[in-house]
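Here the structure comes first, spelled out in structure tokens, and everything after it is commentary.
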């Protein structure tokens, strides 16, 4: 009996000691403001405590059966702990510790991408599938790539400028139909006029009044008038530029031939002497 009592007392003593130790730990609570902690080891300890709490809540939020309200509360608590962790990291940096904002790992999702959010607010686990949140993670399709000027010029060919519009098989049949219609109308009109002329129905006065593009006014040269009197049926023409006669053309060709022969066979001095002789004789005038 004494031995069992001693065992019980020993167990009770251990339990009591454990309770006393827990109470001592509970008395040391994390400060509400990180700036109140002025010891670097304690600041490191509180930072690690916050990281463990974040990991615990991130594991809980993976369960989609918790309900929408519980998932939203967990996500808010995680974001609150993240902000508090940032305050402790800034205090550690002020106390001379490492800069965890630069050397610490980034928060990545299961695909290895950085966790997106709106102005620092992040979503975890089942919170990404909540109504209104899923749209934040749906990426818009990338815009079509813009073509360079060289790529655009590759598509410009004869079709772009309309040089091969006749090869489409549409324009040529339309032109052929219009051509046949115009020919038929012209033939019909010609046959009608032919029949009218055979029956003597042509108005001669109207025919005389038609404009004659070769007709000239009365003020013509006497030679032309004389030729018209000799042959009244011949049309009269007017030369608006001076036309050389056959004799003048032959003289010009002969003079040009002489000049070519002189340039080819005569020396420079001989040509000068010839020109001076002509000037003395007055042949150049």
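What the table shows:
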quantity: Least to most buried among 78, 170 (fewest other Cβ within 10 Å first); calculated: 170, 78
quantity: For 272, 199, 87, order by how many other beta-carbon atoms lie within 10 Å, fewest first; calculated: 199, 272, 87
quantity: Packing rank of 90-99, 184-193, 32-41, 123-132, where each peptide gets the mean count of other beta carbons within 10 Å, highest leading; calculated: 123-132, 90-99, 32-41, 184-193
quantity: Least to most buried among 156, 61 (fewest other Cβ within 10 Å first); calculated: 156, 61
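Only the coordinates and a few stated rules stand behind these numbers; no lab work does. These numbers come from a predicted model, not from an experiment. Don't worry about glycine lacking a Cβ; one is built from the backbone with ideal geometry, like all the others, and counts go over all protein chains shown.
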